[in-house]
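Worksheet: the structure to be examined is printed underneath.
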Amino acid sequence: MSDASRADSPVVVPEATGVARRSLLKGTAGILAAGMFPAVHSQEKIVLRYLGTAVNQDKAIAEKFKADTGIEIQYVAVTTDDVTKRAVTAPNSFDLIDTEYFSLKKIVPTGNLKGIDTKRIKNADKITTLFTTGMVAGKAVGDQGTAPKKVIYLEGEKSKKFATAPTQFMSLIPTVYNADTLGIRPDLIKRPINSWAELLNAEFKGKAAILNIPSIGIMDAAMVVEAMGIYKYPDKGNMTKKEIDLTIKTLIEAKKQGQFRALWKDFNESVNLMASGEVVIQSMWSPAVTAVRTKGIACNFQPLKEGYRAWAAGFGLPTTLSGRKLDGAYEFINWFLDGWAGAYLNRQGYYSAVLETAKSKMEAYEWAYWMEGKPATQDIKSPNGDVLAKAGAVRDGGSYESRMGGIACWNAIMDENNYMVQKWNEFVAA
Amino acid sequence: MSTTSTPSLPAAAVPGRSIAAWWQAAPFTLVFALFFIIPLALIVMVSFWDFNEYELLPGFTFKNYVSIFAGCGDASEGLCVTLKTYYSTLKFSVLVWLITLVIGFTVAYFLAFHVRSSGMQTLLFVLCTIPFWTSNVIRMISWVPLLGRNGLVNQTLMGMNLVETPIEWLLFSDFSVVLAFVHLYTMFMIVPIFNSMMRIDRSLIEAASDSGASGWQTLWNVIVPLSRTGIIIGSIFVLTIVMGDFVTIGVMGGQQIASVGKIIQVQTSYLQFPLAAANAVILLAVVLMIIWGLTRLVDIRKEL
């Protein structure tokens, strides 16, 4: 009170001018903090260039993060293969990479990724055991291929090698993951589908499609080969040349008989193929199935008896990142694991890396539908408000434990990768 | 034809080119060297390098070229991937070339000889270029909903009871690829052919008709030979574009049809740059051979 009156009447009390100037300065600082001087404020702004595939680059996530922290996320969307290519050839072109664990075998040996210090990650201890030990609900899941537990730890911050036992440094902090299977159009197939072998069933001649990302497509093909009883692989994610030959030969024979309508490489392609009815059965990603459904077209992400092909993505930091941008990147990762983003992803049919925080941001009925495999007690909506499932519906594949517990293999980079790509080109040319 | 050109010009231009001429040529030479010669030399160099999963290993090896032609010597297995891919790419090139040539020549002929007023000619010519105001990819993708299994064409045919089940070969087939190519690249034929037709002296056609030549005879013996430059330039455009294209073949062929460009793209996305470079060098050699063959048929420099 007295301060204010003194400040209000500097003429009457001359020695008070200093105070008035000080309070004016304080006021200016307040205005600065509130961001009312844009020119000054823009110097404070951090912009993180986020390299990844379009699927994971949700506008709502960037907007919410900016609203919460003032840090801007600038999405750089490329295809899965190009994420790896950029990470290897142009590590200065991004500040945060969102890539899959299987790509690490190519990226980590280049030294372009910095080990992420788990001491700076608030929820590091709460990351699901699927990543750290390869277990779901206390049971080990399939670890064929590049299972995250094989590549998640680095020997040190600047290491180019994977650690065999847990360390303080992670190569990627897991963000989203899922277990993929075949997508089908139940309205056009009109009978139950329960095996990977159906993909090459002549009944769907000219109406099937497969993923044209060789390192993932070959895994789907391997699931089919096993389901057809042609061969049992010791490790589908690391085939020998002979095994690759056999797998590709099976694909080529099917292709020559006109089995495939198309091959797809990009999320939207798979949605269009399915939604237009060009294809009735194809290997598919869960959010793509969701996308078809939001158009009001029946589409199932069909659980199959042989299990799922799993994948997992995470955030990595380029070695060159430092200073405030590095702090900003850590802030983003911490924010991401803090629940809001996790709940957002869970509602799209993905799974979040820290389940506990995501649960706290979801309604009980949503959690029961998405994670516990229980029938929906009310309509289930996507994050943007489209109805995904009516009350009473049950999620494809059931609960988290039955879905993630049913993993047969992980997306992989094989030792014979070069040979595999060459043979894959042969399949495309056949 | 005309005798007005000064006879001293060629004699003065050839021996002892002045410094000024070199300076005039310098900017383009520089651009050409910087953006074409040097990158090309790098590609050739890299094509002899070795590589592993994540890095290029400088050195000198024929490994990449050998692996491209692996299995090509064995006739019992049928064609190897590389030859099969080139066969498929060449097949599209020739088909598209033939069709665009016929359509392009016809359109150019109509514009040049049937449309009398030059205002109308300009108007129709601009009309031809309108499709180029939208991007290639959009013009291509717009075919998809039209030709699909449940697309407009099939719906119409079925609605008219002309077919009972949807026609499958309309989309994701050789047909759709050729269709899209013709749609995209006929313009590259029309422009140079129209250009050379416009330069044909109209009195030659009158002379042909006065000498009793029929319409076809005039076309075949007068107009076609005199449009040769345009035809060759248009052919070079179309053939080289189709040889290197992989987007159109990918989108319209449902990613199932091989093309050399596609193989190069897959290899670069898997960081097999030396292999991709070797493929690019081979593709360049093939395309250069085609262009060389075509330029044997006409001396473009003289005709221009």
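Take the Cα radius of gyration of the range A:231-376 and divide it by 2.2 N^0.38 Å, N being the number of residues; the result is 1.36. Using Cβ point charges alone (K and R +1, D and E -1), the dipole size of the protein assembly as shown about the Cα centre works out to roughly 340 debye. In the protein assembly as shown, the calculated helix contribution to ellipticity at 222 nm averages -14500 deg cm²/dmol per residue, counting -39,500 (n - 2.57) for every DSSP H run with n ≥ 4.
The DSSP beta bridges internal to chain A are antiparallel in roughly 65% of cases.
The charge dipole of chain A, taken about its Cα centre with unit charges on the Cβ of Lys, Arg, Asp and Glu (plus for the first two, minus for the last two), comes to roughly 300 debye.
Helix A:417-429 and the long axis of chain A differ in direction by around 60°, with both axes built from C-alpha atoms.
Entry for the range B:171-304 at q = 0.13, 0.14, 0.19 Å⁻¹: log10 I(q)/I(0) = -0.72, -0.79, -1.08, Debye formula applied to identical alpha-carbon scatterers, no solvent contribution. Helix A:323-336 and the long axis of chain A differ in direction by around 60°, with both axes built from C-alpha atoms. Span-like helix check, chain B: qualifying full DSSP H segments, with Cα axial length of 27 Å or more and mean Kyte-Doolittle of -0.5 or more, are B:81-109, B:174-198, B:273-297. Using θ = phi - 60° in the Karplus curve 6.51 cos²θ - 1.76 cosθ + 1.60, the 3J(HN,Hα) couplings for the range A:110-125 round to 7, x, 7, 10, 9, x, 8, 6, 5, 5, 8, 9, 4, 9, 4, 6 Hz; x is entered for Gly and Pro.
Each Cα pair under 8 Å and six or more residues apart adds its separation to the average, and for chain B the resulting relative contact order is 25 percent.
The translational diffusion coefficient of chain B, from Stokes-Einstein at 20 °C and 1.002 mPa s with a Kirkwood hydrodynamic radius over alpha carbon pairs, comes to 92 µm²/s.
Amide H contacts for residue A:260 (H built 1.01 Å from N in the peptide plane; partners 5 or more residues away or on another chain; cut-off under 5 Å): A:206. Candidates A:90, A:101, A:316 compared by Cα position along the dipole of the protein assembly as shown: farthest toward the positive end lies A:90, with charges placed on Cβ.
Expressed in Å, the radius of gyration and Dmax of the Cα atoms of the protein assembly as shown are 32.0, 117.
The charge dipole of chain B, taken about its Cα centre with unit charges on the Cβ of Lys, Arg, Asp and Glu (plus for the first two, minus for the last two), comes to roughly 640 debye. Separation of the alpha carbons by more than 19 angstrom is noted, of A:160/A:265; A:85/A:236; A:64/A:361; A:85/A:265; A:207/A:241, for A:160/A:265; A:85/A:236; A:207/A:241. Using the Karplus relation 6.51 cos²θ - 1.76 cosθ + 1.60 with θ = phi - 60°, the per-residue 3J(HN,Hα) values for the range A:352-357 come to 9, 6, 10, 6, 4, 5 Hz, with x marking Gly and Pro.
Please report how far the C-alpha centroid of the range B:104-149 lies from that of the range A:372-424, rounded to the nearest whole angstrom. Cα centroid of the range B:104-149 versus Cα centroid of the range A:372-424: 47 Å apart.
Structural descriptor for the range B:45-173: relative contact order 9 percent, calculated from alpha carbon pairs under 8 angstrom and at least 6 residues apart.
With just the Cα atoms defining each centre, how far is the range A:302-371 from the range A:115-194? Give it in Å. Value for the Cα centre distance between the two parts: 11 Å. For the Cα trace of the range B:225-304, dividing Rg by the Kirkwood Rh returns an Rg/Rh value of 1.10. Across chain A, C-alpha contacts under 8 Å between residues 6 or more apart give a mean separation that, scaled by the residue count, equals a relative contact order of 21 percent. Between the amide H of residue A:113 and those of A:319, distances stay under 5 Å, these residues lying 5 or more places away or on another chain, with hydrogens modeled in the peptide plane. Of all beta bridges that DSSP places with both ends in the protein assembly as shown, some 65 percent have antiparallel geometry.
So what's the angle, to the nearest 10 degrees on a 0 to 90 scale, between helix A:17-33 and the longest Cα principal axis of chain A? Helix A:17-33 and the main axis of chain A meet at about 10 degrees.
FYI, it's all coordinate maths here, none of it is from the lab. Just so you know, these numbers come straight off a predicted model, no measurement behind them. Note that we place each Cβ from the backbone using ideal geometry, even for glycine, and neighbour counts take in every protein chain shown.
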